[in-house]
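Enquirer: Sharing a structure here in structure tokens format.
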Amino acid sequence: MKTPEISIVIGTLNRPKILLELIHQLEEISKTIPLEVLVFDQSDKNNYNLLLAKFPKKENFRLVPQSEPNTCRYLNHGYKLAKASIILYLDDDVSVSNVAILAHIMAFEDPKILGVAGRVINDNERISGDNRVGKIQAFGAKFHKNFSFIDTAHVHFPYGCNMSFRKSVLEKVNGFDEKLQPPIFAYNEIDLGVRINKLRRNSILFEPKARVLHHQYRSGGTRNNFSKKEIYGSTQFNYGYFIGKNYNILENIIFFIRRLPFQIMKEPRGFLYIIRGFIFSKSFRHMPPRQDPVE
């Protein structure tokens with residue numbers, strides 16, 4: 001096989017039919033663009049077997065079973081196994097085109113670019129006219145997403161369902177943080193974006209040509225068998241962990257001054273989770289990152 005220009009990493013959980021729609025698109029794109037596809041299937045046995053039976057028997061398409069659902073783990077496993085120097089992460093419920101894949105690849109012709117945030121249009125979403133794309137205010141007190149915007153911009157973080165990075169950069173920052181809590185490992189792409197921007201400011205480009213349609217199916221994926229309480233608690237915990245980990249004490253004080261009024265009035269039940277995550281982050285600040293073996 002010709003050396004791939006880009007390695008595409010996809011995680012899936014109990015929705016083989018949905019994933020196969022994307023795989024068929026990538027099969028067509030692979031006829032004109034040398035690419036590698038790595039799918040990490042975290043499904044139960046029945047759904048894994050359904051996917052395996054219809055998965056392409058091609059050298060550059062690989063299906064990797066993962067016994068326990070863990071988003072950050074498969075994201076890291078993906079870049080470590082990848083053959084290409086560019087790693088593109090896609091959700092299993094997106095639609096993509098060869099134009100989008102080429103846009104990701106071409107953005108890295110600029111050596112200053114370390115990552116690319118692709119445009120994302122969610123089903124039934126209103127197109128954003130706000131140019132504050134992927135921005136963080138007051139050291140995490142507020143986030144602006146707006147990934148359906150139409151013009152290029154530099155972002156603090158990407159949208160996790162359509163993002164790419166240089167493999168060398170992922171290696172340098174030790175990839176995604178596996179200390180983030182399940183079930184949906186919230187803030188993994190925001191955390192990574194902040195760390196990459198600390199390496200080089202304005203190094204993550206929002207590229208509208210790298211567009212996907214995100215269907216956000218209600219079943220499967222991170223929505224599988226998790227209660228709203230579990231999702232909310234872990235998300236708020238990860239929020240606190242992200243804040244404590246990535247910003248210094250003075251920045252933390254500014255964050256709490258800006259965030260506290262909103263938290264008390266709108267989401268008081270999340271405050272304790274945030275504090276727990278914040279304290280948890282400080283206990284890991286000086287610990288070296290875990291190094292997993294590469295297969």
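The values are calculated or read from the model by the stated rules, or taken from the named source; none is laboratory data. The structure presented is a predicted model; accordingly, all values stated were derived computationally and were not measured. Positions of Cβ are generated from backbone atoms using ideal geometry, with glycine treated the same way; all protein chains shown enter the neighbour counts.
Enquirer: Does residue 51 count as touching a residue at least 40 places away in the same chain (Cβ under 8 Å) and either out of contact with any Asp or Glu (no Cβ under 6 Å at 6 or more places or on another chain) or in the same structural domain as residue 106 (by TED's automatic domain parsing) (or both)?
Expert: Spelling it out, it is not the case that residue 51 is touching a residue at least 40 places away in the same chain (Cβ under 8 Å) and either out of contact with any Asp or Glu (no Cβ under 6 Å at 6 or more places or on another chain) or in the same structural domain as residue 106 (by TED's automatic domain parsing) (or both).
Enquirer: With the requirement that a residue be of a type in the set (A, V, I, L, M) and assigned to a loop (DSSP other than H, G, I, E, B), what does the range 99-145 give you?
Expert: Result: 113, 114, 127, 133, 141.
Enquirer: Residues of the range 249-269 being surrounded by 13 or more Cβ atoms within 10 Å (Cβ to Cβ) and at pLDDT 95 or above, which ones?
Expert: Matches in the range 249-269: 251, 252, 254, 255, 256, 258, 259.
Enquirer: Any residue that is modelled with pLDDT of 95 or more, within 20 Å of residue 184 (Cα to Cα) and buried (at least 22 other Cβ atoms within 10 Å of the Cβ) - is there at least one of those in the range 27-37?
Expert: So far as the range 27-37 goes, no, none of its residues is modelled with pLDDT of 95 or more, within 20 Å of residue 184 (Cα to Cα) and buried (at least 22 other Cβ atoms within 10 Å of the Cβ).
Enquirer: In addition: Every residue in the range 151-168 that is part of a loop (DSSP other than H, G, I, E, B) and touching a Lys or Arg at 6+ places or on another chain (Cβ under 8 Å), please.
Expert: Matches in the range 151-168: 155, 156, 159.
Enquirer: Which of the residues belonging to the range 169-195 are in contact with a Ser or Thr (Cβ under 9 Å, 6 or more places away or on another chain), over 20 Å from residue 230 (Cβ atoms) and in a helix (DSSP H, G or I)?
Expert: Selection gives 169 alone.
Enquirer: Considering (1) buried (at least 18 other Cβ atoms within 10 Å of the Cβ); (2) modelled with pLDDT under 95; (3) not hydroxyl-bearing (Ser, Thr, Tyr), say which one residue 19 fails and leave the rest.
Expert: Every listed condition holds for residue 19 apart from (2).
Enquirer: Right, next: Across the range 157-171, what is the number of residues that are in contact with a helix residue (DSSP H, G or I) (Cβ under 7 Å, 6 or more places away or on another chain) and either farther than 17 Å from residue 210 by Cα or at pLDDT below 95 (or both)?
Expert: Matching residues across the range 157-171 total 3.
Enquirer: In this structure, does residue 169 turn out to be free of Cβ contacts under 8 Å to residues at least 40 places away in the same chain and over 17 Å from residue 136 (Cα atoms)?
Expert: no
Enquirer: Further question: Return yes when residue 102 is at pLDDT 95 or above, crowded, with 20+ Cβ neighbours inside 10 Å and either of a type in the set (Asp, Glu) or farther than 26 Å from residue 42 by Cα (or both) and no when it is not.
Expert: no
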